[in-house]
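Written out below as structure tokens is the structure these notes cover.
Read the figures in this text as sums done on the coordinates, not as results from a lab. Treat the numbers as computed from the prediction; the structure is a model and nothing was measured. Here the Cβ positions follow ideal geometry from the backbone for every residue, glycine too, while neighbour counts run over all protein chains shown.
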Amino acid sequence: MDAICNATRLARSIMSRQVKKGDTVIDATCGTGQDTLFLARLVGQDGRVLAFDIQEKAIKDTTELLYSQGCLDQVALFRDNHINLQSYIKNGVSAGMFNLGYMPGGDHSIITNPFDTVLAVNRLLEVLQPGGILTVVSYPGHPGGEEESAALQASLKDLPQQRFEVLFTRFINQVNHPPQFFYINKLINYQEVY
Ligand SMILES: C[S@@+](CC[C@H](N)C(=O)[O-])C[C@H]1O[C@@H](n2cnc3c(N)ncnc32)[C@H](O)[C@@H]1O
């Protein structure tokens with residue numbers, strides 16, 4: 001079996017099983033554009049990726065990458081905080097990715113923060129179609145990263161198990177605070193409990 005290697009590869013592996021041609025999906029933190037490009041190829045020309053970042057550099061780098069790979073048409077890029085993602089979504093999405101922390105090769109002081117991350121994840125769960133999934137990769141190694149991961153764990157562990165499957169994991173034998181991984185599946189068939 002091939003090595004999974006890291007949380008980012010795990011997230012992509014799960015996404016590649018979930019996302020179909022024609023789907024609408026979210027990249028909540030486009031950064032350098034690598035995850036956006038990955039999702040754009042999965043949804044194809046009939047699909048849609050809505051990608052967010054608060055940094056102008058991230059939007060510019062992602063635009064250039066998508067253009068160079070012929071994938072710009074199926075992506076809408078928004079320089080906006082991901083807490084506002086609901087205002088861009090009309091009919092729900094089948095999947096969403098959050099890759100937290102700072103932009104690789106960019107300004108390390110511009111990072112995701114616990115309050116916005118927890119709010120944005122919960123807002124994305126609201127617009128996720130039944131059967132849809134969400135992945136989050138978090139980085140406990142940088143200042144504030146451990147607190148962000150803890151805040152997310154505290155929020156997600158209270159999701160009702162009749163409606164959501166929630167997994168949290170990490171590689172426990174890797175050095176230097178390896179990334180952590182969250183997976184949430186909004187169940188297709190659930191019973192409302194009153
Ligand atoms: C680890 S990087 C994302 C990596 C990216 N997915 C890639 O493939 O390169 C995290 C990104 O989140 C962005 N970010 C931080 N806070 C944000 C927020 N509230 N809303 C949207 N993006 C945010 C940062 O600007 C940074 O580019």
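What FRET efficiency would be calculated for the residue pair E126, E56, taking the C-beta separation as r and a Förster radius of 22 Å, to the nearest 0.05?
In this case the efficiency is close to 0.20.
Give me the distance in nm between label points sitting 7 Å out from Cα along the Cα-to-Cβ direction at L167 and A3, one decimal.
Using points 7 Å along Cα→Cβ, the separation is 2.1 nm.
Among the lysines, select those whose C-alpha is under 17 Å from the C-alpha of K57, and discard any that sit fewer than 8 residues away in the same chain.
none
Once amide H atoms are built 1.01 Å from N in the peptide plane, which residues 5 or more positions from N99, or in another chain, come under 5 Å H to H?
A28, T29, V137
Convert each backbone phi in region 167-173 into a coupling constant with the Karplus relation 6.51 cos²θ - 1.76 cosθ + 1.60 (shift: θ = phi - 60°), then list the ³J(HN,Hα) values in order as whole Hz, x for Gly and Pro.
10, 10, 8, 7, 7, 8, 10
Considering the chain, what Rg and Dmax in Å follow from its alpha-carbon atoms?
Every Cα atom of the chain included, Rg and Dmax give 15.9, 52 Å.
Can you give the extra length, in nm with one decimal, that the chain gains between E147 and R17 once fully stretched, where that is 0.36 nm per residue apart less the Cα-Cα distance?
43.7 nm
Which whole-Hz couplings ³J(HN,Hα) result when phi for each residue of region 5-20 is put into the Karplus expression 6.51 cos²θ - 1.76 cosθ + 1.60, θ = phi - 60°, listed in order with x for Gly and Pro?
6, 7, 5, 5, 5, 4, 4, 5, 4, 5, 4, 5, 7, 8, 7, 10
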